[in-house]
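One structure is given below, encoded as structure tokens.
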Amino acid sequence: MANDFDPNIGKKTQFVAGEAQAEIARKGQQAAMAKKKEKKKLRELVEIFGRLKVDGKAARAMDDLGIDKDLQTRFMQGVVSLFNKANKGDVSAFNAIRDIIGEKPVDETKMTGVIDTNVQIGYVQTGVTPVNSENDIDMRKERQ
């Protein structure tokens, strides 16, 4: 098991070997598969609910907008609601519409062109003699 004393190494170790490691991997795989099935089921339920026809006030509102009866679903109700919010000035609704129709701004920086790797270093002649260490500098001369 993890972090048990291993007499061969002489100290605690975080590594697990053999059948214990295989059991840990099996449990991890089972948990991942269960989570994947859960997400798939949720997606299916959203699809079923979204395709349900609307009635009452929502259907009348969509009739007023000229939306065909066969398109009056919960999904369409969500779209209409999103546009109503955007029309009232809700920036997050506007951003959601923009993202849905595929006009989301790119979140990455692209470099175009060529990097110039030709670097030249020039020296300016000053008439000053270079020193080998800080001890060679006479600060009294510089103050004058």
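The values are calculated or read from the model by the stated rules, or taken from the named source; none is laboratory data. The model shown is predicted, which means the values in this text are computed figures rather than measured ones. Positions of Cβ are generated from backbone atoms using ideal geometry, with glycine treated the same way; all protein chains shown enter the neighbour counts.
Filter segment 70-121 for residues that are of a type in the set (G, A, S) and either exposed (fewer than 13 other Cβ atoms within 10 Å of the Cβ) or part of a loop (DSSP other than H, G, I, E, B) (or both) and give the result. Don't jump to the end; show me each part of the working.
Just the residues of segment 70-121 that are of a type in the set (G, A, S), to begin with: 78, 81, 86, 89, 92-93, 96, 102, 113.
Scanning segment 70-121 gives G78, G89, S92, G102, G113.
Scan segment 32-40 and tell me whether some residue there is modelled with pLDDT of 90 or more and within 30 Å of F83 (Cα to Cα).
Checking segment 32-40: at least one residue is modelled with pLDDT of 90 or more and within 30 Å of F83 (Cα to Cα).
Is there any pair linking a residue in segment 42-57 that is surrounded by 10 or more Cβ atoms within 10 Å (Cβ to Cβ) to one that is assigned to a loop (DSSP other than H, G, I, E, B) and at pLDDT below 95, with Cβ under 6 Å and at least six apart or on different chains, and which?
Listed pairs, sorted by first residue: V54/Q72.
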